[in-house]
Amino acid sequence: MNRLQDRIAIVTGVSRRKGIGTAICKALASEGANIFFTDWVPFDETQEYGGDESFPGLFEKELSKLGVKSSQLSINLADRDAYERLLDAVEDSLGTPAILVNNAAHCQEVSYREMTSEILDMHYPVNVRSTCMLSTHFVQRYGTFGGRIIKLVSGQEKTPTPGNIAYETTKGAISIFTQCLAREVASLGVTVNAVDPGPTDSGWMTDEIRDLLLPKFPMGRIGTPEDVAKLIAFLASDDAQWITGQIIHSDGGFWD
């Protein structure tokens, strides 16, 4: 039995075949959810793994072959009105969403030595403002139907990463936001949780990085996008209706 049959899920930040967002979409679709995903290839083009303008369209067709409805929107979540345009697009194309997965993120690794206000300002709109506005307006629009909100964080309160201060700081804000929002919307039957997947081999790791990280995983392997996707599919289901306000470290016991 598909636990998410005919529910509509929004997943942000899906523009790479090996990315976590892609695995999340597949996991939700395998449970019967219809998928609306966002991408922003121009950001990926600035990263070492690069961007692929053809991927979002191809992936939409791939999801449809799984027997679910799918749609996508290329949108820069740093835009102030992005959350409104996104929710409108979901309603127009698929209907009323029941699941929101905030996966999109902006990351530029800098230490305190390189930190500037401009760099911090590039992280805030996507990592904080977009996540907060999408989540709160998701509840404002659809909260009477219950719902599931799931965010991706980076385990900064468990193992902060030196040299990545802007990203870690903005992701840390989302951990607190998760706990606050969960308390406010619990009476509506909406659950709000965050997942820390730990270091995940989603296309950015070099052989050198893998060799460095592997000894820190007591299970003897590095995490994959599918590992976190399975947990998110569970959190999106009715089986997880008693879990809210949690920061879940699903990282295979990673230590640093």
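Some points to look at:
- Condition check for D227: modelled with pLDDT of 95 or more, loosely packed, with under 12 Cβ neighbours inside 10 Å, outside any loop (DSSP other than H, G, I, E, B) and at negative phi: no
- Considered as a group, the residues in segment 41-79 that are surrounded by 16 or more Cβ atoms within 10 Å (Cβ to Cβ) and of a type in the set (V, I, T) include one that is nearest to V14 (Cα to Cα), and that residue is V41.
- Residue tally, condition in contact with a helix residue (DSSP H, G or I) (Cβ under 9 Å, 6 or more places away or on another chain) and within 21 Å of E53 (Cα to Cα), over segment 79-94: 3
- Taking segment 1-64 and the helices (runs of 4 or more DSSP H) fully enclosed by it, the elements with 3 or more residues that are over 18 Å from the mean Cα position of the chain (by Cα) are at 55-64.
- The single condition among (1) modelled with pLDDT under 95; (2) within 23 Å of C107 (Cβ to Cβ) that K65 does not meet is (2).
- Test set (1) assigned to a loop (DSSP other than H, G, I, E, B); (2) out of contact with any strand residue (DSSP E or B) (no Cβ under 7 Å at 6 or more places or on another chain) - L212 fails condition number: (1)
- Qualifying position, being in contact with a helix residue (DSSP H, G or I) (Cβ under 9 Å, 6 or more places away or on another chain) and over 17 Å from T131 (Cβ atoms), among N76, N2, N103: N2
- Pair list, Cβ < 8 Å and 6+ apart or interchain, from segment 82-109 residues that are hydroxyl-bearing (S, T, Y) to residues that are assigned to a loop (DSSP other than H, G, I, E, B): Y83/L77
- Considering segment 111-164, and only residues there that are among the acidic types (D, E) and assigned to a loop (DSSP other than H, G, I, E, B), the residue that is surrounded by the most Cβ atoms within 10 Å (Cβ to Cβ) turns out to be E157.
- Answer residue from segment 80-110, given it is crowded, with 19+ Cβ neighbours inside 10 Å and of a type in the set (S, T, N, Q) and is nearest to Q47 (Cα to Cα) among those: N103
- Tally of residues being of a type in the set (D, E, K, R) and within 17 Å of L77 (Cβ to Cβ) across segment 104-129: 2
The values are calculated or read from the model by the stated rules, or taken from the named source; none is laboratory data. Small disclaimer: the values here were computed from a predicted structure and weren't measured. Note that each Cβ is placed from the backbone with ideal geometry, even for glycine, and that neighbours are counted across all protein chains shown.
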